[in-house]
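Here the structure is laid out as structure tokens; the discussion comes afterwards.
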Amino acid sequence: MEGKSPDLESIGSGTTTKRSSVSSGSRSRIRRDFLSRFTDSEHFTVKLEDWFALVLETSGTSNGPVFEVPFELVELQKFDYALEGISFQQLTRMPNAVYASTSTAVEAKAYLAIEDFLHATVKSLWEAFWSPDEPVPFSVGCLYNQNMKFYQAEKALALGKLEGLSATGVLLKNSRHPHGKWDHILELALLRSDIGSFAVDSDHPPSLPVLGEALFYALRILISRSVSRLDFSQSSNCVFVLLVDSQYGGVVKVEGDVNKLDFDVNNVYECAADWIMKHSKIAVSPVDRVWNKLGNANWGDIGALQVVFATYHSIMQYFGPPRHSIEDLAADHSSRLHSRRQERQLGDASLNENGMFRFEQRTMSPEIVEVQEEESTKIEPEPSMKLEVGSVLWLEDSNYEKGYEIKEILSNGTLPYHIASPVDDAGKSVFLYVGSPPSQLEPAWEDMNLWYQVQRQTKILSIMKQRGLSSKYLPQLHGSGRIIHPGQCQKPSSGGRCDHPWCGTPILVTTPVGETVADLVNEGRFGPEEAIRCCHDCLSALSSSSSAGIRHGDIRPENVVYVTSGGRHPYFVLIGWGHAVLEDRDRPAMNLHFSSTYALQEGKLCAASDAESLIYMLYFCSGDLPDLDSVEGALQWRETSWSKRLIQQKLGDVSTVLKAFSDYVDSLCGTPYPLDYEIWLRRLKRNLSEDHGKEIETSG
């Protein structure tokens, strides 16, 4: 990106660190002292009571809005056009207070959702308007009021800081200040439970306690910028503060020259209130719905749109005008609208210069005519794909046709899969996974899981094959492709699909076949020997995959199978590679019982994450699963169990080598240090050989 670098580590001198020529060290010290005393938002709000009452009285006599709005409707409409081709994705759903069991649980989940919402917003805006090739230079964290520091939401909740959280901020990244600095804040969001109550009357502003707190934080940011070495020359005198609850949101814009503030350190709250009343310009947007009842953000509606627009302006304050302007992206609206018209074949409708439809006058009866529905126009429901034992599926694989007969229907806890036999080799067994038909235009969450199980896992296994990974403890790709449906296929080309609802359905076939560890545990057949062998075999699979830069990311009892055919001794195979991590942008599966600590905290894997998940699987296979219903609860359980050595003790009852291995993994958790697979494979193999008189094979 041209212009300012987002790397704050380079700040120290030059154009990005210039101070005002009239600044002095004494003035900076006075302002910093003022900030250190300006810490109580409630005390500040009390000083604004008379002013706020007068503002309400004045607006009541004039019958106008109390404050101006920060954005005009035409601005939001143009911004909406610019966002048409931009994807926003909030992954953490906003909880609905109506269905919540406790207010504390709702608040904790809401902070996680706000953080994810802001992260999705700044990421999409940065990549669309500024630079898709450079890393996103922002971090998002929650403000802990007692020390005015920022923490990631999950870490703050794990540390028991929920009651002290007061806001969520978008900050410039700076590795030297992991807890943030006030002059690094671009935008703040205040989570308050009653914001939705102000949505009824759009002309009435939020209550003074809510508005006063927003003004308090806005003024703190403005003062911090005035003594900062960062360059906010684009608009250092303007701050946006978001007001949100679990459904609604609004924007407060505070603008003014803080040089006109009397920095009397002995009278900070009176001076601050006086500046708000005399030297600031305040704009407040109407409060509107941001999240629906399912917790998904309504990105295209005005509530979310004005919040995203405020974030856009906050980014522009530091980084300057974007590489791609709103006008540039909005200009494509007319062409997209024209393309949509052609797709829908809208008669004689044409587009004017504003991108709106202009319909030609027709001679017709003005009356409403009832149209009789004919039987031929009724839409028949699509036949669902129902697979039963004995069904035969034909697979188109690299221009060859392979047939598989269903022998057994299984489930991994959430999704079905099948044991089948090739038609041309009835004595062989394979795992067969069937994906979601592409005709389903609105895929459900289960269909997303199917995508990981079939399409993504096919990609991972293909990469393993291309990179020459050959371990008996890894699944082997037996076949993959598209289903050959009954009847004549009318697809236009080799890459297209016809109108049949099954056409194009993806299928994955793997070997070998075995019982899952979950089945062994349920039947009481997972003893010490199986536990040690499982640890060795899974570790061998991880050793092979890590050599090719692939990490599993979803180790659990349903993703490890016990193979008893095809050799002298049974062995375990690590399956379920759909959530494997190939590169930094990939995200592992989230499982409260089996995910590593680093995965729950950061949404990523460290070098020892898979080994840590393996330890949890062996631990839980030796006892009951604890009741974990939140990320913070899962993190607390991990911290307690490791610190009290409960995991090591339980695995020590199974085998001393497993206890030693868990101690080793504990020392690596969250660190970048790689696992020494070779030494632990030798120890596990020796333990099996000596204790059980059996030899096992290591990975090839």
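Tabulated values for the structure
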read-out: Those residues of the stretch 569-615 which are more than 23 Å from Gly670 (Cβ to Cβ), touching a Lys or Arg at 6+ places or on another chain (Cβ under 9 Å) and part of a loop (DSSP other than H, G, I, E, B), in sequence order; value: His569, Pro570, Gly576, Trp577, Gly578
read-out: Ala128 being closer than 19 Å to Val308 by Cβ and in contact with a His (Cβ under 8 Å, 6 or more places away or on another chain); value: yes
read-out: Residue list for the stretch 175-210, filter: β-branched (Val, Ile, Thr) and modelled with pLDDT under 90; value: Ile195, Val200
read-out: Cβ pairs under 7 Å, 6+ apart, first in the stretch 469-490 and under 19 Å from Leu387 (Cβ atoms), second open to solvent by 50 Å² or more (accessible area, probe 1.4 Å) and charged (D, E, K, R); value: Gly479/Lys402; Gly481/Glu396; Arg482/Glu396; Ile484/Glu396; Ile484/Glu401
read-out: Selection status of Ser193, open to solvent by 10 Å² or more (accessible area, probe 1.4 Å), assigned by the TED database to the domain that holds Phe319, under 20 Å from Gly603 (Cβ atoms) and polar (S, T, N, Q); value: no
read-out: Considering residues of the stretch 536-586 that are open to solvent by less than 10 Å² (accessible area, probe 1.4 Å) and among the aromatic types (Phe, Trp, Tyr) only, the residue nearest to Leu681 (Cα to Cα); value: Phe572
read-out: Residues (assigned to a helix (DSSP H, G or I) and either β-branched (Val, Ile, Thr) or buried (at least 18 other Cβ atoms within 10 Å of the Cβ) (or both)) located in the stretch 142-161; value: Ala153, Glu154, Ala156, Leu157, Ala158
read-out: Within the stretch 415-511, strands (runs of 3 or more DSSP E) holding 1 or more residues that are open to solvent by 30 Å² or more (accessible area, probe 1.4 Å) and modelled with pLDDT of 75 or more; value: 416-422, 476-484
read-out: Residue, modelled with the highest pLDDT, within the stretch 228-239, restricted to residues that are under 20 Å from Ala273 (Cα atoms) and open to solvent by 10 Å² or more (accessible area, probe 1.4 Å); value: Asn237
read-out: Members of the stretch 292-327 found to be outside any loop (DSSP other than H, G, I, E, B) and of a type in the set (A, V, I, L, M), listed by number; value: Ala297, Ile302, Ala304, Leu305, Val307, Val308, Ala310, Ile315, Met316, Ile326
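The values are calculated or read from the model by the stated rules, or taken from the named source; none is laboratory data. The structure displayed is predicted, hence computed values, not measured ones. Here the Cβ is made from the backbone with ideal geometry for all residues, glycine too, and neighbour counts use every protein chain on show. Side chains included, ligands, DNA and RNA excluded: accessible areas come from the protein's heavy atoms. Shrake-Rupley method; radii C 1.70, N 1.55, O 1.52, S 1.80 Å.
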